[in-house]
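Quick notes on the structure that follows.
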Protein chains: 4
Amino acid sequence: MRKFLIDTDTASDDAVALIMAHRWPGIRVEAVTVVSGNVPVEQGVKNALYTLEVCNAATPIFIGCSKPILRASSYAHWFHGDDGMGNKNYPEAKSKAQPAHATEVIIDTIKTYPGEITLVTLGPLTNIATALLRAPEIASLVQRCVIMGGAANTVGNVTPAAEYNIWVDPEAAKIVFHSGMQIEMVGWELSRHDAALTAAEIEAITSFGTETARLAMECNKTALDASINIQSAPGLMLPDPVAMAVALDPGIVKRQGKYFVDVEITSELTRGATIVDELGVLHKIPNITVVWSIDVSRWKEHLYTCLRS
Amino acid sequence: MRKFLIDTDTASDDAVALIMAHRWPGIRVEAVTVVSGNVPVEQGVKNALYTLEVCNAATPIFIGCSKPILRASSYAHWFHGDDGMGNKNYPEAKSKAQPAHATEVIIDTIKTYPGEITLVTLGPLTNIATALLRAPEIASLVQRCVIMGGAANTVGNVTPAAEYNIWVDPEAAKIVFHSGMQIEMVGWELSRHDAALTAAEIEAITSFGTETARLAMECNKTALDASINIQSAPGLMLPDPVAMAVALDPGIVKRQGKYFVDVEITSELTRGATIVDELGVLHKIPNITVVWSIDVSRWKEHLYTCLRS
Amino acid sequence: MRKFLIDTDTASDDAVALIMAHRWPGIRVEAVTVVSGNVPVEQGVKNALYTLEVCNAATPIFIGCSKPILRASSYAHWFHGDDGMGNKNYPEAKSKAQPAHATEVIIDTIKTYPGEITLVTLGPLTNIATALLRAPEIASLVQRCVIMGGAANTVGNVTPAAEYNIWVDPEAAKIVFHSGMQIEMVGWELSRHDAALTAAEIEAITSFGTETARLAMECNKTALDASINIQSAPGLMLPDPVAMAVALDPGIVKRQGKYFVDVEITSELTRGATIVDELGVLHKIPNITVVWSIDVSRWKEHLYTCLRS
Amino acid sequence: MRKFLIDTDTASDDAVALIMAHRWPGIRVEAVTVVSGNVPVEQGVKNALYTLEVCNAATPIFIGCSKPILRASSYAHWFHGDDGMGNKNYPEAKSKAQPAHATEVIIDTIKTYPGEITLVTLGPLTNIATALLRAPEIASLVQRCVIMGGAANTVGNVTPAAEYNIWVDPEAAKIVFHSGMQIEMVGWELSRHDAALTAAEIEAITSFGTETARLAMECNKTALDASINIQSAPGLMLPDPVAMAVALDPGIVKRQGKYFVDVEITSELTRGATIVDELGVLHKIPNITVVWSIDVSRWKEHLYTCLRS
Ligand SMILES: [Ca+2]
Ligand SMILES: [Ca+2]
Ligand SMILES: [Ca+2]
Ligand SMILES: [Ca+2]
């Protein structure tokens, strides 16, 4: 069994990514840790608990940091709805979060399985950075760290310069990016254009009739509107599920490369920009594998497969 | 006759752009003003004088600012050679620069022909910004300002975040970009990929046998090597001539749009980045027309036509 | 005759400084140039014209830059009143500003009298910086440049980190501070504490019965209130007249030294801070003479003498 | 018994402060936590262990963070010698550091004694900030937090703008300063001028003949030279012991006040500056009690008393 640890600011697209991880064969999700991001961390925990209940999954869920390292919180209600799940008034899950703190679970899990953990991050990197500050030695013990975050030398989604997850806590991102972890950066741009779900594709998924397909499409209705109206997409963008697909099946990557990547933390204009030295002009040691393109058909096939069961 | 005013840090690709402006029918170049950039401003003046001598052009040339507004000078000898012209030891021109200062000539020329001047900038924007500080009213009197500069939400050439002309004097760029001038931004990326001249195309141009074709290809040999070896281009990139082609024939633009664009001045990592709000998330008033793509065949045809005569 | 050139954002304390320069024996004020600062530049010109009319002085007055180099204007109506002169509805002066632009007058005057000009700046340094960008050679031609501006490693007045004149246009200050000019920095702190005019001293001055004494005390009534209520001073602080007193009589300086001084331009928190390397830890070449203390009795005597006639 | 928790980057002046805390009646030091600062954290642990051995104290010592949150380490060997203790080749202590991590000990100790702990910080604030990121609730559980750090609107020691402890990890300082903890800031300036130990005073202390007096004066010989030669002090500056004296006896404070204080993190020039809104112009909620002056005689008496036994 491959061992996954998922850190998430659970909102509507995180929910889909969580479902995928729990439906993919051969994966055991050791823990889900929640961080402040799209919604306050307590709401994120509720959303994660509900999602896993729909999945019939008993993965333990842990609450983490309630605000970014240095910045004020900045939620994404405009994209995901007030509750992050499209305001569908989902019931409270029966299970509860575990008592331990997310950062300790991250440290302990990685140390328990040295070299075995695939860490998938779907939110701001506050939990991971805080764990690294306390225990920098975990960086070299992670097998892969797949990050949904950043915009690789392209336009951002929350500002023209930056992607939301990195923008919310750029200091955390800088700590993680320079920690020595084996990182694969899956920028939001990989969920744009033909990677977005069209109306027909959304309908097809809904017709699967499974509980997970229902939840996945229903809770993303607010995100669908925002994708089209605010970010000029041809349909529903699903950045977290795309990153999860890369984590589950690295074979969907068509082009990637390892580069020196840095995160902007001093300027407001470019706050959270992920600067990739793709031409190698800085002559610095590459620290991040940047995913430039994926096989869009396979990404959608993977999504369908996960939501059919 | 259309009236052009060209501001340039004359090095090898500026030389080609100067030739184009002087060979294009129906254009009168009122003045060439020189600024510190690729080379010290005195060397830039020498290069401009020699280039116009080869063109048999009597356009007056004026020396301008010898360093950026707040930053130290940073020449591009690594790209254009020690003299900016590929180290071919070109002779000194017979004519000299005129005594007036470039910034005064810029102010006076624009005021003399209100609404008639096409300002083409091929170097850092120090001269233009200094003129605007002294006489902000000229901004509304320029017909078009075509700027070779920036990288529109894409990788830069001098750093991963920025294009050379903007990076050298980002404060000047910020002043100009927010001055109210009608600006068309032609980023360096428009000279990449198939817009670069292949070995065959360079040979074809050389075979024209004209003095201008000889100079254009000969002085860019250092730039050709740098294009291929440092910036992974398939041939010779010519950013200034591409911008000049847009100035001469706006019809070569395939896609453009007007956006709010800002210039990064506070951070070292992203210094000089040109941030284009292409998704409109900032809800600010558009200030710059950004050129996204050009008709590459027509750009090359225009270049050939200019160098054949 | 000593030759003065005064650059001012004329508000109530500038007015007193202008009077002092015009009453001091052996001084000829070659020109008064006005800059945006406490009030819009057009209002500053009006205030300067009125003040010189009260002085019966025919010094030519020139309008300069209408906004800082990169920042938005930020007037000091809260300190000096809406018109900068305590809202006394002073009549319009009969004379007008001269047609030339302040920056050109600054360049020309300094070049006409190389090594002879004492430049006194009482406002943001936009005019001086713009002149230096156009003609950097004037820096070495100024005899002394006495700057009212900055806070030498002490609390500021407009923010805890910065003094108003430097804060308004920190980029201009940075340009001037590193221009090579012989600069004496007279921080706002030299007008605090016992250098401020007490109620008794204000009454004494008013009782002189001269027009200049009347104007000086009357137009500063708003500034008096702000000194006491906003900046916890024991009376009326007069930064510009203190700097003028240093320019007129360098003998009032009790302690000064030459240091490397830099101006903060990247951060909002410390924008405009004047960082003085008083312990020499940076090992950089000193560029500014910082005035640490003055003979307060002599400063007040000089003020009285100037306002008595 | 009053309960102290001391966080220290143990070098020569930290050693004196540790001695003071262990000699003061009625104090129990619950733990000493060590952080990277003057010396690498492992060396700091050695120095702390040796110092407590000389004190015959069994206080447990814990190792903490090995580098600042975002910055590279920058040791103060130039001030304290290669080993931080004046290069006297002190023997290794018999005891060892405890296995737990400093940040966990900080969290646990404060939670074990809610409202009872006096936290005294003598180094960069990395450990405290990391603890706060993990457990922000401890901020309100600390009785007092006395910080040796900062320069209250005055010149710094490591740069003209900043004091060493804050400069080394300004992000940590910003986190701690805005955490809601009851903080008393004791700037380095309180150890300058007549608070420094003169040659006669150093001799007097040495003549006490105790082991602690010997260690205190011997290990600070390098610091004495640096105080005089680099920072123009009249003798040995002891910032950490001064802060400890304030923690032990708040009665030595002559003037203090509570203000809004912020830490500069964006600019290199002013990195780590502690900006105190002493005039209240920002109208923000005060977060830090700033100590402006102390009773120098009493500070020295306290020092003598502690070193005599
Ligand atoms: Ca997410
Ligand atoms: Ca050029
Ligand atoms: Ca003034
Ligand atoms: Ca210390």
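Would it be correct to say that C:Pro40 is open to solvent by 30 Å² or more (accessible area, probe 1.4 Å), away from ligand 3 (no atom under 16 Å from the Cβ) and of a type outside the set (Phe, Trp, Tyr)?
Against the criterion (open to solvent by 30 Å² or more (accessible area, probe 1.4 Å), away from ligand 3 (no atom under 16 Å from the Cβ) and of a type outside the set (Phe, Trp, Tyr)), C:Pro40 does not qualify.
Looking only at residues that are open to solvent by less than 10 Å² (accessible area, probe 1.4 Å) and closer than 22 Å to C:Val34 by Cα in the stretch C:143-156, which one is farthest from the other protein chains (Cβ to nearest Cβ)?
The residue in question is C:Val146.
For the structure I just gave you, tell me whether B:Glu53 is touching a Lys or Arg at 6+ places or on another chain (Cβ under 8 Å) and closer than 26 Å to B:Glu218 by Cβ.
Yes; evaluated as a whole, the condition is true for this residue.
Looking at (1) open to solvent by less than 10 Å² (accessible area, probe 1.4 Å); (2) facing another protein chain (nearest Cβ under 10 Å), which is the only condition D:Thr159 fails?
(1)
With respect to B:Ile166, determine if the residue is away from ligand 1 (no atom under 16 Å from the Cβ), touching a residue at least 12 places away in the same chain (Cβ under 8 Å) and closer than 25 Å to A:Val263 by Cα. Working first, answer last.
On the way: away from ligand 1 (no atom under 16 Å from the Cβ): yes; touching a residue at least 12 places away in the same chain (Cβ under 8 Å): yes; closer than 25 Å to A:Val263 by Cα: yes.
The answer is yes for B:Ile166.
Give me the pairs: first residue in the stretch C:114-137 and over 13 Å from C:Ile6 (Cα atoms), second residue within 16 Å of ligand 3 (Cβ to nearest atom) and among the hydroxyl-bearing types (Ser, Thr, Tyr), beta-carbon distance under 8 Å, and six or more apart or on different chains, which are they?
Here the result reads C:Thr126/C:Ser36, each pair linking the stretch C:114-137 to a residue that is within 16 Å of ligand 3 (Cβ to nearest atom) and among the hydroxyl-bearing types (Ser, Thr, Tyr).
Identify the single condition in (1) surrounded by 21 or more Cβ atoms within 10 Å (Cβ to Cβ); (2) touching a strand residue (DSSP E or B) at 6+ places or on another chain (Cβ under 8 Å); (3) within 14 Å of another protein chain (Cβ to nearest Cβ) that B:Ile61 does not satisfy, given that it satisfies every other one.
(3) is the only condition that B:Ile61 fails.
List every residue pair whose Cβ atoms sit under 6 Å apart, with the two residues 6 or more apart in sequence or on different chains, where the first one lies in the stretch A:220-240 and is among the charged types (D, E, K, R) and the second, anywhere, is away from ligand 3 (no atom under 16 Å from the Cβ) and not in a helix (DSSP H, G or I).
A:Lys221/A:Gly86; A:Asp240/A:Leu122; A:Asp240/A:Met148
Given the condition among the aliphatic types (A, V, I, L, M) and in a helix (DSSP H, G or I), answer yes or no: does some residue in the stretch D:281-297 qualify?
Within the stretch D:281-297 (the criterion being among the aliphatic types (A, V, I, L, M) and in a helix (DSSP H, G or I)), the answer is yes, since at least one residue qualifies.
Return yes or no: is D:His178 at positive phi, within 14 Å of chain C (Cβ to nearest Cβ) and in contact (Cβ under 8 Å) with a residue 40 or more places away in the chain? Please lay out each step first, then the result.
Numbers: at positive phi: no; within 14 Å of chain C (Cβ to nearest Cβ): yes; in contact (Cβ under 8 Å) with a residue 40 or more places away in the chain: yes.
Against the criterion (at positive phi, within 14 Å of chain C (Cβ to nearest Cβ) and in contact (Cβ under 8 Å) with a residue 40 or more places away in the chain), D:His178 does not qualify.
Counting only residues that are under 20 Å from B:Asn165 (Cβ atoms) and surrounded by fewer than 19 Cβ atoms within 10 Å (Cβ to Cβ), how many does the stretch B:245-265 have?
1
Give the residue that is nearest to A:Lys111 (Cα to Cα), with candidates limited to residues of the stretch A:19-35 that are open to solvent by less than 10 Å² (accessible area, probe 1.4 Å) and in contact (Cβ under 8 Å) with a residue 40 or more places away in the chain.
Here the residue is A:Ala31.
Are any of the residues in the stretch D:180-192 over 24 Å from A:Ile69 (Cα atoms), part of a helix (DSSP H, G or I) and open to solvent by 10 Å² or more (accessible area, probe 1.4 Å)?
Yes, some residue in the stretch D:180-192 is over 24 Å from A:Ile69 (Cα atoms), part of a helix (DSSP H, G or I) and open to solvent by 10 Å² or more (accessible area, probe 1.4 Å).
Within the group A:Ser232, A:Ser207, which residue is surrounded by fewer than 22 Cβ atoms within 10 Å (Cβ to Cβ) and closer than 26 Å to A:Val290 by Cβ?
Just a single option satisfies the conditions, and that option is A:Ser232.
Can you tell me how many residues within the stretch D:67-99 are within 14 Å of chain A (Cβ to nearest Cβ) and surrounded by 15 or more Cβ atoms within 10 Å (Cβ to Cβ)?
6
May I ask you to list the residues in the stretch B:28-42 that are more than 10 Å from ligand 2 (Cβ to nearest atom) and touching a helix residue (DSSP H, G or I) at 6+ places or on another chain (Cβ under 6 Å)? Lay out the reasoning, then the answer.
Start the filter on the stretch B:28-42 by keeping residues that are more than 10 Å from ligand 2 (Cβ to nearest atom), which leaves B:28-34, B:36, B:40-42.
Matches in the stretch B:28-42: B:Val29, B:Glu30, B:Ala31, B:Val32, B:Thr33, B:Val34.
Give the residues of the stretch B:266-294 that are open to solvent by 20 Å² or more (accessible area, probe 1.4 Å) and over 21 Å from the mean Cα position of the chain (by Cα), sorted by residue number.
Within the stretch B:266-294, B:Thr266, B:Glu268, B:Leu269, B:Glu278, B:Leu279, B:Gly280, B:Val281, B:Leu282, B:His283, B:Lys284, B:Ile285, B:Pro286 qualify.
Being touching a Leu at 6+ places or on another chain (Cβ under 6 Å) and under 21 Å from D:Tyr259 (Cα atoms) is the filter here, so list the residues in the stretch D:105-138 that pass it.
D:Leu119
Can you pull out the residues in the stretch B:295-307 that are open to solvent by 10 Å² or more (accessible area, probe 1.4 Å) and either within 12 Å of chain A (Cβ to nearest Cβ) or hydrophobic (A, V, I, L, M, F, W, C) (or both)?
B:Val296
For the stretch B:182-219, enumerate the residues that are free of Cβ contacts under 8 Å to residues at least 60 places away in the same chain and touching a Ser or Thr at 6+ places or on another chain (Cβ under 8 Å).
Those that are free of Cβ contacts under 8 Å to residues at least 60 places away in the same chain and touching a Ser or Thr at 6+ places or on another chain (Cβ under 8 Å): B:Glu189, B:Ala196, B:Arg214, B:Met217.
Taking B:Leu215 as meeting all but one of (1) closer than 13 Å to B:Trp299 by Cβ; (2) more than 14 Å from every other protein chain (Cβ to nearest Cβ); (3) of a type outside the set (Asp, Glu), write down the number of the exception.
Checking B:Leu215 against (1) closer than 13 Å to B:Trp299 by Cβ; (2) more than 14 Å from every other protein chain (Cβ to nearest Cβ); (3) of a type outside the set (Asp, Glu), the one that fails is (1).
Only one of these is open to solvent by less than 40 Å² (accessible area, probe 1.4 Å) and modelled with pLDDT of 95 or more: B:Asn56, B:Asn47. Name it.
B:Asn47
The values are calculated or read from the model by the stated rules, or taken from the named source; none is laboratory data. Predicted model only: the values in this text are computed from it and were never measured. Every residue, glycine as well, gets a Cβ built from its backbone with ideal geometry; the counts of neighbours run over all protein chains shown. For accessibility, only protein heavy atoms count, side chains too; no ligands or nucleic acids. Shrake-Rupley method; radii C 1.70, N 1.55, O 1.52, S 1.80 Å.
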